[in-house]
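Q: Shown below is the structure under consideration.
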Amino acid sequence: MSKDTFPFTSTSLRSLRLEQEYQEWQNARRALAQRRALTRVRCRDTAVHNTFMCGDMKGVYAVLKDPAMVNALMETVHEEMVWAPEMGMWTLSSKVKQTSALRLAASRGHAGCVEELLFRGAEVNDDPGGSTALHRCLRRRSRTAGCRWQRSSSPLHLCPVIPVSGKGLLLEGGAEVNVRMRESRLTPLHVAAQRGLAEHVELFLSHGADVLATNREGETPLNAACSAAERPSEAGRYLHGG
């Protein structure tokens, strides 16, 4: 055997093959999303945004009378001061942030609204802004559980009032359980394990979550759980499958 090569186990080969297939699927999905975005409806009406964020079903039914609103891009414009070195001064710059009705409803845990949107054909794996509805659902759950969430780590993969059932709706609606954040490469299992959300971990595993998936730092969900443990005893319990 050459000194420049090393043997692959069947597990590592399977992991590499799955990672390649997943990347090909992600690339195809994003290419399709880009084509759809060219003709996609854009909505900057804050009243419409608030309808989905508050779970106002009467308002939801009214908005969804227009079928195009199911997958419309919900846009908000933020103005901020940025330094322009070529001008040597601070200038006011506008930044557009995008989301979707499904992500807004999922991030607030409105199960009825989520179910209605899925029934009407909402794109469950759509990720405007870099995170899917499943990620947003996890983010909200980590907040209500008193967990620390850093925006830089990803506004990923959570539901407050209905923590597990909310994600169950998304998964049953076709959400990809191993979907990754664009920048951090975190999967929903990473986030749930890191936040100590045992019921969510069980749910994702029951839907085929990849326990060997690695994030941008090369951490598996188990690594993420151990690194986030506040006490050595917690890390030991994770390592011994407790």
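Each value in this text was obtained by applying a stated rule to the coordinates, not by laboratory testing. Note that the structure is a prediction, hence the values are computed from the model and not measured. For neighbour counting, all protein chains shown are included, and Cβ atoms are generated from backbone atoms with ideal geometry for every residue, glycine included.
Q: Looking only at residues that are among the basic types (Lys, Arg) and not in a loop (DSSP other than H, G, I, E, B) in segment 67-122, which one is surrounded by the most Cβ atoms within 10 Å (Cβ to Cβ)?
A: The extreme case among them is Arg103.
Q: Pairs only if they're at least six apart or on different chains, beta carbon under 7 angstrom, first in segment 39-65 and surrounded by 15 or more Cβ atoms within 10 Å (Cβ to Cβ), second assigned to a strand (DSSP E or B) and not aliphatic (A, V, I, L, M); list them, first residue then second.
A: If the second residue must be assigned to a strand (DSSP E or B) and not aliphatic (A, V, I, L, M), the pairs left are Cys43/Glu75.
Q: Moving on. Please determine, by comparing only the residues of segment 208-223 that are in a loop (DSSP other than H, G, I, E, B) and among the aliphatic types (A, V, I, L, M), which one is nearest to Ser184 (Cα to Cα).
A: Ala213
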